[in-house]
Amino acid sequence: MLTIEDYSPSFKSDQEWISTSLDFSSDTSSWGHLKDKFGERAEIFDRKQREQTIGSDWANDVAISPGPFIGEFHCTIIWDGVEAMESKVFFQTTESKSTRTWINDRLIDGACKTILRDGDTIYFGTKKRINSTSSS
């Protein structure tokens with residue numbers, strides 16, 4: 001399962017993260033999910049929809065609160081559709097100087113497509129250090 005870690009109508013824009021893990025045996029209808037840092041809210045990613053968009057615009061699959069360096073259509077998380085442990089999940093951004101994203105402690109700058117790995121942490125907007133839990 002994919003996991004993002006403030007429960008409100010949308011995620012808090014300056015503290016977003018994702019812990020990644022895949023488990024195709026326990027849930028046959030989803031390929032992953034996003035959850036807030038408190039574990040109170042989850043966005044389930046259905047296998048019928050391999051791409052999930054994230055941003056401050058409500059047209060996204062996952063809407064996050066607007067804030068500094070948060071784009072209306074900030075990024076996309078893409079599952080390759082392979083139902084096995086070799087499956088890959090990608091984090092893709094578009095080139096924009098007005099948005100910021102970190103995976104773990106690395107700034108993702110400009111247009112980029114990166115593989116997400118088990119335990120990765122993603123921050124949207126301004127980076128603030130928080131403790132995240134990895135779900136396995």
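The values are calculated or read from the model by the stated rules, or taken from the named source; none is laboratory data. Not measured: the values here are computed from a predicted model. Quick reminder, even Gly has a Cβ in these numbers, built from the backbone with ideal geometry, and neighbours come from all protein chains shown.
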(request) Mind listing whichever residues of region 42-56 are within 11 Å of the chain's Cα centre (by Cα) and hydroxyl-bearing (Ser, Thr, Tyr)? (result) Thr53
(message) Whether any residue in region 35-44 is at positive phi and modelled with pLDDT under 85 is what I want to check.
(response) yes
(message) Tell me the residue from Phe69, Phe91 that is part of a loop (DSSP other than H, G, I, E, B) and of a type in the set (A, V, I, L, M, F, W, C), please.
(response) Phe69
(message) So, in region 48-73, how many residues would count as being surrounded by 14 or more Cβ atoms within 10 Å (Cβ to Cβ), on the phi < 0 side of the Ramachandran plot and hydrophobic (A, V, I, L, M, F, W, C)?
(response) 6
(request) Show the residue pairs that are 6+ apart or on different chains and have beta-carbon atoms under 8 Å apart, the first residue being within region 76-99 and surrounded by fewer than 13 Cβ atoms within 10 Å (Cβ to Cβ), the second being part of a loop (DSSP other than H, G, I, E, B) and aliphatic (A, V, I, L, M). (result) Met85/Leu22; Glu95/Ala111
(message) Given the criteria part of a loop (DSSP other than H, G, I, E, B), touching a strand residue (DSSP E or B) at 6+ places or on another chain (Cβ under 8 Å) and either at pLDDT 75 or above or not aliphatic (A, V, I, L, M) (or both), does Thr114 qualify?
(response) no
(message) When you check Glu72 against the structure, is it at pLDDT 80 or above, touching a strand residue (DSSP E or B) at 6+ places or on another chain (Cβ under 6 Å) and among the acidic types (Asp, Glu), yes or no?
(response) yes
(request) Among the numbered conditions (1) exposed (fewer than 14 other Cβ atoms within 10 Å of the Cβ); (2) within 21 Å of Phe45 (Cβ to Cβ), tell me where Ala111 comes up short. (result) (2)
(message) Please go through region 94-111 and give me each residue that is modelled with pLDDT of 85 or more, assigned to a loop (DSSP other than H, G, I, E, B) and either basic (Lys, Arg) or touching a Leu at 6+ places or on another chain (Cβ under 7 Å) (or both), ordered by number.
(response) Arg100
